[in-house]
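Take a look at the structure below.
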Amino acid sequence: MEKCNHDIIIVGAGLAGLRAAVAAAEVGNKLDIAVFSKHHPLRSHSVCAQGGTAAVMHEKDSFDLHAFDTVKGADYLADQDAVEFFVRRAPKEIVLTEHWGCPWSRTPDGKMNQRPFGGHTQPRACFAADMTGFHEMHAIYGKATTYSNIKFYDEWFVTSLIVENNTAIGLTAIEMTTGKLHAFTAKAIVMATGGHERIYEFTTFSHTTTGDGMAIAYRAGVPLEDMEFVQFHPTGLIPSGVLITEGARGEGGYLINANGERFMKRYAPERMELAPRDVISRAEQTEILEGRGLQGPYGPYIALNLTHLGEEKINERLPLIRDVAIKLGGVDPVKEPIPIRPAAHYSMGGIRINVKTETPIAGLYAAGECSCISVHGANRLGTNSTADCLVFGVVAGEEAARRALSTSLREVSKEKLLAEENRIAEILNREGSERISVIRDQMRRIMNEKVWIYRRGDQLESALKEIRELRKRFKDIKIEDKGKSFNTGFFSALQLDFMLELAEVTVASAIPRTESRGAHSRLDYPKRDDQNWLKHTLAYCTKDGPRLEYIPVTVTKWPPVARKY
């Protein structure tokens, strides 16, 4: 096995990973920084972010208001010290990304334009038309390429962390062009690999975003926090699941049922279509379950109406949405409503970190959606995710750089490398009777049917049993292609292995939480229970499945009250 050394390794080249790389490079221009990605950085899932990035940018807004909106939106499960830190750091990132070339949309008088978003009491979403993530990514990637000490490993698949004495000292990765497994040592490692919503059938997620970093850290001994909280975005385009940005509602779009009724007046009479995502997703699901959904070739759905906005405004503010709706949905939003329904969209849970992005393993950091600080609690407000990636990407990069400047590289034991080499070879050489695609599709169907917006204890128990059965069947897969170069079947198997583990953690974390809070909505326990459940779930990896522990939520200024919109 070939070996290589770097001072800092960043796994993932989306918003959080690229921002961490730039931050680390600015701490020390002599640091040797490596960024690993399964594809070119500009194909990372972050380019799919559409609606905006939240930041306090005008005089009517305030840090306390942004923090309170976030805490309330999180159904009071967010750690309020982390939230306060987060909202104060976000505006600086907007200014920096503009200096690096992000073309933020402007008002007629030249000021930063901000649109309303669900759960925010002020227009707080800085946006670049409806391609915010795309433009942010290009700006930050362009900045990263100006540093001679950042090296990109495009089309490399990271398989494991190397941990000794509770310290991360390296990782293993497959060069996808050759199929060879390599070992890398580092003084600090940052996980920035995104979420895991590809475990669901109907999702806004890119096909390559499969939660790898979460599973790798979990197997290395880091707990995963609050994995039961999965956000369902109210407007996934039918039939593809591609995101229709919340910015469409921020610009004045509204939802209607089969009766032509703006039904949100029954569920959130004050905020209507700009209520938080968990509220709207439950409302849409209720309308469908009670027979008021429109009927289409892919089942019942809800309609998102933008026709009243007019062609000029849609082309200026929502050009991508129009293009996507025409090409993937077969409708022109200038002329007719867009068919949508809720789609799995975001993981509030992830790798347990503190406000410095440190995990319980020394030298290992995490940022972005693969992590959990927790800023988003039980439900994330729209536009807080890209801000999270920027703010905590910076923190991770700076903390990793400081550690790298004060730490020495450590040698990796041959036994650990041999064990990983044997594990990878064993998966590749399996000659069983099970097909990867069949197991993957069954996992996603189970999650869609039994771990969806509305949950019940008996369904969750059934889902856990079925997911564990799929994990057993995975051991009997067959990989048809034994080739080395770009063996997509083999990489699909590695990704499925990660996803099955994360699906198990998600369900196992949901079963004991006998309350409804944010995105975790139990039909058998419909009320929020602050007395027993104002606490975070920690899931630890064991040979028998997740072992759960609980820690308290940090409350600084805002004790829990009834959550109404």
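The values are calculated or read from the model by the stated rules, or taken from the named source; none is laboratory data. As the structure is a computational prediction, the values presented were derived from the model and not from experiment. Please note: Cβ atoms are built from the backbone with ideal geometry, for glycine as well, and neighbour counts cover all protein chains shown. Heavy atoms of the whole protein, side chains included, go into the accessibility calculation; ligands, DNA and RNA do not. Shrake-Rupley method; radii C 1.70, N 1.55, O 1.52, S 1.80 Å.
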Low-density loop positions, chymotrypsin sites (Phe, Trp or Tyr not before Pro), the range 177-266 - DSSP coil, at most 13 other Cβ in 10 Å: none
Heavy-atom accessible area of Thr167, protein chains in place, probe 1.4 angstrom, given in Å² to nearest 10, is 20
Just to confirm, what accessible area per residue do you get for the range 180-225 at 1.4 Å probe, in whole Å²? 19
In whole Hz and in residue order, list the ³J(HN,Hα) couplings for the range 259-265 that follow from phi through the Karplus curve 6.51 cos²θ - 1.76 cosθ + 1.60, θ = phi - 60°; x for Gly and Pro. 8, x, 9, 7, 6, 5, 5
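Using the Kirkwood radius built from alpha carbon pairs, what does the Stokes-Einstein equation give as D for the range 332-475 at 37 °C and 0.692 mPa s, in µm² per second? Before the final figure, lay out each step's value.
Working: Rh = 19.6 Å.
Translational diffusion coefficient: 167 µm²/s.
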Would the range 252-291 count as rounded, prolate or oblate if I go by the C-alpha gyration tensor, calling it rounded below 1.5 in a/c and otherwise prolate when a/b exceeds b/c, oblate otherwise? oblate
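Using per-residue counts of other Cβ atoms within 10 Å, averaged over each peptide, order 302-308, 362-368 from highest down.
Details: 302-308: 19.9, 362-368: 28.1.
Output ranking for 302-308, 362-368: 362-368, 302-308.
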For the range 281-341, alpha-carbon Rg over 2.2 N^0.38 Å: 1.20
Toward the positive end of the charge dipole of the chain, about the Cα centre and with charges on Cβ (Lys, Arg +1; Asp, Glu -1), which of Thr146, Ala275, Gly253 goes farthest? Ala275
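Excluding Ala20 itself, what net charge comes from residues whose Cβ is under 12 Å from its Cβ, given Lys and Arg +1 and Asp and Glu -1? The partial results should precede the final answer.
Working: positive: Arg19; negative: Glu26, Glu398, Glu399.
After counting each charged neighbour, the total is -2.
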Would you kindly compute the Cα radius of gyration of the range 247-322 and its largest Cα-Cα separation (Dmax), both in Å? 12.9, 37
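Is it possible to state the helix-based mean residue ellipticity at 222 nm for the chain, with each DSSP H run of 4+ residues giving -39500 (n - 2.57), the sum divided by total residues, to the nearest 500 deg cm²/dmol? What is it?
On the way: 15 runs with 193 residues, N = 565.
The per-residue figure over the chain is -11000 deg cm²/dmol.
At a 1.4 Å probe radius, which order do Met176, Met131 fall into by accessible area, largest first? Present the calculation step by step, with values, prior to reporting the outcome.
On the way: Met176 25, Met131 55 Å².
Output order, biggest surface exposure first: Met131, Met176.
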What lysines could a cross-link reach from Lys414, if we take a straight Cα to Cα line under 19 Å and drop same-chain neighbours fewer than 8 places away? Lys3, Lys180, Lys187
How high is the FRET efficiency between Asp154 and Ala562 when r is their beta carbon distance and R₀ equals 30 Å, given to the nearest 0.05? 0.05
Shape verdict for the range 169-243, please, from the Cα gyration tensor: rounded (a/c under 1.5), prolate (a/b greater than b/c) or oblate. oblate
For Tyr540, project a label point 7 Å along Cα to C-beta. Then give me every residue of the range 153-179 with its amide nitrogen under 18 Å of that point. 163-168
Crossing angle, helix 414-428 versus the chain [Cα axis fit, 0-90 degrees, rounded to tens]: 60
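Largest first, how would His207, His233 line up by accessible area (1.4 Å probe)? List each step's numbers first, then the result.
Working: His207 135, His233 0 Å².
Reading off the accessible areas and sorting them downward yields His207, His233.
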Can you tell me how much longer the chain between Glu336 and Lys482 gets when fully stretched, taken as 0.36 nm per residue apart minus their C-alpha distance, in nm with one decimal? 47.7 nm
Within the under-15-Å Cβ sphere about Trp104, not counting Trp104, Lys/Arg +1 and Asp/Glu -1 give a net charge of 0
So how tilted is helix 488-510 from the main axis of the chain? Cα-based, degrees 0 to 90, rounded to 10. 60
In Å², and per residue, what accessible area does the range 325-403 have when probed at 1.4 Å with the other protein chains present? 23
Sort the following peptides by mean Cβ neighbour count (other Cβ atoms within 10 Å, averaged over residues), highest first: 60-71, 478-489. 60-71, 478-489
Rounded accessible area of Arg430 (nearest 10 Å², 1.4 Å probe): 30
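Ignoring ligands, DNA and RNA, please state the percent of accessible area on the range 20-177 from carbon and sulfur, probe 1.4 Å. Could you put the intermediate results ahead of the total?
Details: 2880 of 5550 Å².
Exposed carbon and sulfur together represent 52 percent of the surface.
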Dipole-positive endmost among Asn305, Pro223, His233 within the range 196-335 (Cβ charges, Cα centre): Asn305
One checks the Cα atoms of the chain and finds Rg and Dmax, in Å, of 22.4, 67
Where does the charge balance sit around Arg88 when Lys and Arg score +1, Asp and Glu -1, over other residues with C-beta under 13 Å from its C-beta? -3
Between helix 15-27 and the chain, what is the angle of the helix's C-alpha long axis to the longest principal axis, kept within 0 to 90° and rounded to the nearest 10? 60
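Could you provide, to the nearest whole Å², the per residue accessible area of the range 444-536 with probe 1.4 Å? Kindly include the intermediate steps, with their values, before the conclusion.
On the way: 3840 Å² over 93 residues.
Accessible area per residue: 41 Å².
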Stretched out fully, how many nm does the piece from Glu164 to Asn532 gain, at 0.36 nm a residue minus the Cα gap? 128.8 nm
